[in-house]
Protein chains: 2
Amino acid sequence: MHDHPFDHAIALERIDADRYAGRTSDAYWNSISPFGGVTVATILNALQLHPKRLGDPLALTVNFAGAIQKGEFEVRVRPVRTGRTVQHWSFELLQAGEADALITGSAVFAPARATWSDTEARMPEVPPPQGIATAPQPPHIPFLQRYAMRYVDGNPLQACDDSTTCCWLSDLPLRKLDFPSLAALCDALIPRLFVRQGASSPVATVTLSVNFHVDGNELAAQTGCHTFTRARANAFQRGFYDQDALLWSESGRLLASTHQVVWYRK
Amino acid sequence: MHDHPFDHAIALERIDADRYAGRTSDAYWNSISPFGGVTVATILNALQLHPKRLGDPLALTVNFAGAIQKGEFEVRVRPVRTGRTVQHWSFELLQAGEADALITGSAVFAPARATWSDTEARMPEVPPPQGIATAPQPPHIPFLQRYAMRYVDGNPLQACDDSTTCCWLSDLPLRKLDFPSLAALCDALIPRLFVRQGASSPVATVTLSVNFHVDGNELAAQTGCHTFTRARANAFQRGFYDQDALLWSESGRLLASTHQVVWYRK
């Protein structure tokens with residue numbers, strides 16, 4: 001598994017308990033900066049490597065404050081408060097030559113705890129991924145070659161008045177799901193603006209949140225490398241739109257919900 | 001307007017550009033700490049008071065790391081990066097005697113910008129608030145006396161298998177909406193667990209995000225003091241559940257979307 005390009009992309013070297021050195025990945029490069037999802041995954045990797053980590057990730061908010069340049073960076077993570085059932089973290093990503101953080105954010109970790117449980121967000125009945133053609137990707141965006149998207153509701157790039165897409169999504173090559181890869185998948189969906197306008201145009205994620213609905217044991221027990229995703233926007237206003245999405249495992253287990261705000265030019 | 005208890009509750013005294021002194025409000029007290037929504041609103045007030053603020057709030061994530069005690073507190077806000085179209089902030093709330101922050105979080109501000117716009121999340125057709133009875137509130141929770149809830153889909157406290165509620169929500173006494181009050185309303189909805197279990201039990205918001213879908217001029221132009229809210233949970237798992245909600249104005253304008261993760265005991 002550690003030969004997968006994703007593992008290379010999120011790899012970190014420990015400087016001390018709170019500081020981790022990484023390097024941008026050409027395999028997951030976007031147009032002018034790294035694919036945001038791999039940045040989120042790298043930060044989650046740093047949090048998981050920290051010796052004071054309590055349990056598994058529950059919630060994560062990542063703010064994209066400045067564009068990361070090719071090369072080395074440092075992730076700084078700090079446990080803010082650790083209780084018996086909840087642990088709060090803050091983090092930053094910095095690069096040499098930049099006085100201010102390029103990424104800021106916060107995370108919540110929690111140990112598994114037995115309680116009354118129920119899932120309301122059920123996966124729609126859809127055909128399995130294996131029978132659906134992979135959507136063609138624009139060849140000039142490196143990170144898009146690292147994901148396979150199989151739309152169950154047709155070509156998303158036809159201008160329409162509803163931004164909802166339903167899509168099987170997986171790493172390429174296939175890779176067993178873990179928290180970092182799941183976080184990255186949350187950012188790999190086609191931008192809602194492209195769905196509405198039927199074409200691509202400049203967009204940039206401003207802030208992204210992920211809520212995990214499985215713990216580490218439950219996630220490890222999932223079979224299959226595909227996630228089913230349903231995503232939609234609530235509104236496109238004054239240069240920003242939002243994206244709400246849900247991700248399920250192949251067997252229909254709810255894995256994550258995610259929310260992001262995206263800047264767009266026009 | 002400034003005689004409204006909400007304005008007293010979120011009032012701050014400037015220490016310097018980045019530091020603001022406040023005090024908890026008995027009128028917005030919850031069981032063992034302040035109502036989270038008024039804490040969110042107070043932080044938003046600090047951000048709005050900052051001399052370097054650019055435009056209006058777009059997104060906000062607030063992490064409830066430790067319980068705030070009755071008395072004075074300090075809000076520290078810091079502009080991380082200011083671009084031409086987006087400004088990123090970090091903030092903390094501290095109290096004397098506590099070495100670590102009780103609240104951490106981040107916000108994004110942005111100036112209004114003319115672009116293609118559209119709202120997909122439409123308000124359902126519902127009767128106006130004036131004809132609907134206000135739901136009774138438990139008298140021992142002070143902050144609940146500051147909000148009126150009018151359910152359009154019946155008594156929410158009947159155990160059921162769907163946590164969705166549709167409710168008109170307003171300040172008491174009525175108060176014209178602004179960004180701080182709108183942020184507070186995002187946290188004033190009945191906890192999803194109570195809807196599912198048909199009874200109240202210990203819960204605590206862990207992290208809360210708000211996305212604003214109007215700018216300051218659009219918000220000021222809304223008439224009516226009620227917001228229509230539709231809220232639901234995706235899942236209740238291992239001691240935490242999520243809440244996704246949308247808030248519209250009386251005239252059906254989408255004002256905000258909000259997401260939170262809530263700790264529960266059992």
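Bear in mind that the values in this text are calculations on the coordinates, not laboratory data. This one's a predicted model, so the numbers in the text were calculated from it and none came from an experiment. Please note: Cβ atoms are built from the backbone with ideal geometry, for glycine as well, and neighbour counts cover all protein chains shown.
Tabulated data for the structure shown
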read-out	value
Strands (runs of 3 or more DSSP E) (entirely within segment B:1-84) containing at least 1 residues that are within 14 Å of chain A (Cβ to nearest Cβ) and within 23 Å of A:Phe91 (Cα to Cα)	B:56-64, B:72-82
Close pairs (7 angstrom Cβ cut-off, 6 or more residues apart or separate chains): touching a residue at least 60 places away in the same chain (Cβ under 8 Å) in segment A:122-134, of a type in the set (A, V, I, L, M, F, W, C) anywhere	A:Met123/A:Phe228; A:Met123/A:Trp248; A:Pro124/A:Cys166; A:Val126/A:Val152; A:Val126/A:Cys166; A:Val126/A:Phe228; A:Pro129/A:Trp168
Single unsatisfied condition, B:Pro142 versus (1) closer than 29 Å to A:Ala67 by Cα; (2) under 17 Å from the mean Cα position of the chain (by Cα)	(1)
Helices (runs of 4 or more DSSP H) fully within segment A:164-266 counting 1 or more residues that are within 11 Å of chain B (Cβ to nearest Cβ)	A:192-197, A:216-220
Single condition A:Ser90 does not satisfy, out of (1) under 29 Å from A:Leu254 (Cα atoms); (2) touching a residue at least 40 places away in the same chain (Cβ under 8 Å); (3) within 19 Å of the chain's Cα centre (by Cα); (4) crowded, with 20+ Cβ neighbours inside 10 Å	(2)
Members of segment A:101-127 that are more than 7 Å from chain B (Cβ to nearest Cβ) and buried (at least 23 other Cβ atoms within 10 Å of the Cβ)	A:Ile103, A:Ala107, A:Phe109
Which listed residue is out of contact with any Cys (no Cβ under 7 Å at 6 or more places or on another chain), more than 30 Å from B:Ser117 (Cβ to Cβ) and of a type outside the set (D, E, K, R), from A:Ala188, A:Ala183, A:Ala121, A:Ala133	A:Ala133
Boolean, B:Leu157 is surrounded by fewer than 20 Cβ atoms within 10 Å (Cβ to Cβ) and farther than 23 Å from B:Ala59 by Cβ	yes
Candidate set from segment A:176-190 (those that are crowded, with 23+ Cβ neighbours inside 10 Å and more than 8 Å from the chain's Cα centre (by Cα)); member that is farthest from A:Thr223 (Cα to Cα)	A:Leu189
Criterion: under 29 Å from B:Phe236 (Cβ atoms), over 19 Å from the mean Cα position of the chain (by Cα) and acidic (Asp, Glu) - qualifying residue of B:Glu120, B:Glu125, B:Glu72	B:Glu120
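Every residue, every condition in (1) under 20 Å from B:Ser209 (Cα atoms); (2) in contact (Cβ under 8 Å) with a residue 40 or more places away in the chain; (3) out of contact with any Lys or Arg (no Cβ under 6 Å at 6 or more places or on another chain), yes or no:
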| position | (1), (2), (3) |
| --- | --- |
| B:Arg78 | yes, yes, yes |
| B:Arg84 | no, no, yes |
| B:Glu98 | no, no, yes |
| B:Leu102 | yes, no, yes |
| B:Val108 | yes, yes, yes |
